[in-house]
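Working notes, structure below.
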Amino acid sequence: MEPTPHLTLARVPPRTPPAHGAERSLLPRRVIPPLWREARAGSLLLNMLREELRPAPPGPTCGPPVLLVPGVFAGDASLAPLASTLSDQGWAVWPSGIRSNVGCSGAIVQRLVTRLEAIVPDHGRVALVGHSRGGLLARATAQRRPDLVSGVVTLGSPHRDQLAVHPLLWANVMTLAALGSLGVPGFLRFGCRGTDDCCSGYDHDVAASLPPGIGAISVFSRRDGVVDWRACVDPDATNVEVEATHCGMPSDPATLRAILSAVASFDSSQSSPHLEPVAWPAAA
Ligand SMILES: [Zn+2]
C-alpha cells in the first residue's frame, strides 16, 4: 500500500466554543464552496445506482469492526463501494442502519450507540467512518460512548460549523427542518440545533475534541464544492488533504488509502473473532 499523504496543518483556526458562537446561527454562511466541481455527482450517482444493483458486498469478515455512516439525504447503500473496499482488505464492515440521513441527530446517535453496543462485546471497539453529516454523527457518537469506539474518520465533515455549506444545501436542510418542525415524521427540526431536548449537547459533542485514546482523522479537500473545507480542519486531529470533490470523496483512491491507513492505526483493544456475513442494505 502506498504511504498515506498525511497532512497535519501547522496553522489552523483556534477551536471556538460551539454552543454560543456565530456557528449556531441558522443563516447561510458567506463562504460559497465551488459547487461546480461537483458536476461529476451525476455520473457518481449513476455509478452508485449500478453498485446497488450488484450483489451485496460480502459483509463482515474477520478483521476489526468498522461502521460506516452516510451523509445527509443518503443511506448506507451510498457507501457500498467503500464497504466493498474495506471488506476486500479484511475489515469487518457494518452498516449504520440509516436508509435516509434526514432525521433528528440525537435520535440517530442513540441508534448508532445501540448498534455499537451490539457489536463491541464480541468484536471489540469499532472504528467509525462518516461521510459529511455522517462524520458529525460519528463524532457525537464517540463523545457519548468513547468506550465503544476505537477511532473516527470524517470525510468532508464540517464539525467546526455544521452549516458551513453551499447555500443550495443550506436551503435544502432548512426545508427539511421546516417540514420536520411542521410535524412531518422522520425529519430533523429547527430545534435539533440544540434547543430541543432531543439534540441537547449535540453541537458541543460534534465540535469538541475527541476523548483521549480515540483516533481522530479528518479528511478534507479544498476542491470540496459542498462544504467549506476550513470547517473540516480539526486542530486536535490528524488532517489529511485530498483532491476529491465532496460527493466523490468516499470512492476517491487517495481518500480510500487514508481511510485504510487510519482504521489500521486505531486500537480496537480486543481480538476480533470470525463474524458471520450480513447483507448490505438496499437503497431506500
Ligand atoms: Zn433532534
Checklist line | Any chance VAL72 is part of a strand (DSSP E or B) and modelled with pLDDT of 85 or more | finding: no
Checklist line | Counted residues, the range 219-233 - those being in contact with a helix residue (DSSP H, G or I) (Cβ under 9 Å, 6 or more places away or on another chain) and in a loop (DSSP other than H, G, I, E, B) | finding: 5
Check: Hey, among the residues in the range 163-202 that are at pLDDT below 90 and in a loop (DSSP other than H, G, I, E, B), which one's farthest from the ligand (Cβ to nearest atom)?
Finding: HIS166
Item checked: One residue from ARG133, ARG125, ARG160 being of a type in the set (D, E, K, R), buried (at least 22 other Cβ atoms within 10 Å of the Cβ), within 16 Å of the ligand (Cβ to nearest atom) and modelled with pLDDT of 90 or more -> ARG133
Checklist line | Of all residues in the range 203-215 being over 21 Å from GLY75 (Cα atoms) and of a type in the set (A, V, I, L, M), the one that is nearest to the ligand (Cβ to nearest atom) | finding: ALA207
Next item on the list: Report, ordered by the first and then the second residue, all pairs with beta carbons closer than 8 Å, sequence separation of six or more or different chains, a first member in the range 85-107 that is in contact (Cβ under 8 Å) with a residue 40 or more places away in the chain and over 30 Å from CYS198 (Cα atoms), and a second member that is more than 16 Å from the ligand (Cβ to nearest atom) and among the charged types (D, E, K, R).
Entry: none
Check: If only one of LEU188, LEU260 is of a type outside the set (D, E, K, R), within 21 Å of SER105 (Cβ to Cβ) and touching a helix residue (DSSP H, G or I) at 6+ places or on another chain (Cβ under 8 Å), which one is it?
Finding: LEU188
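The values are calculated or read from the model by the stated rules, or taken from the named source; none is laboratory data. For clarity, every value in this text was computed on a predicted model and none was experimentally measured. Neighbour counts run over all protein chains shown; Cβ positions are idealised from the backbone, glycine included.
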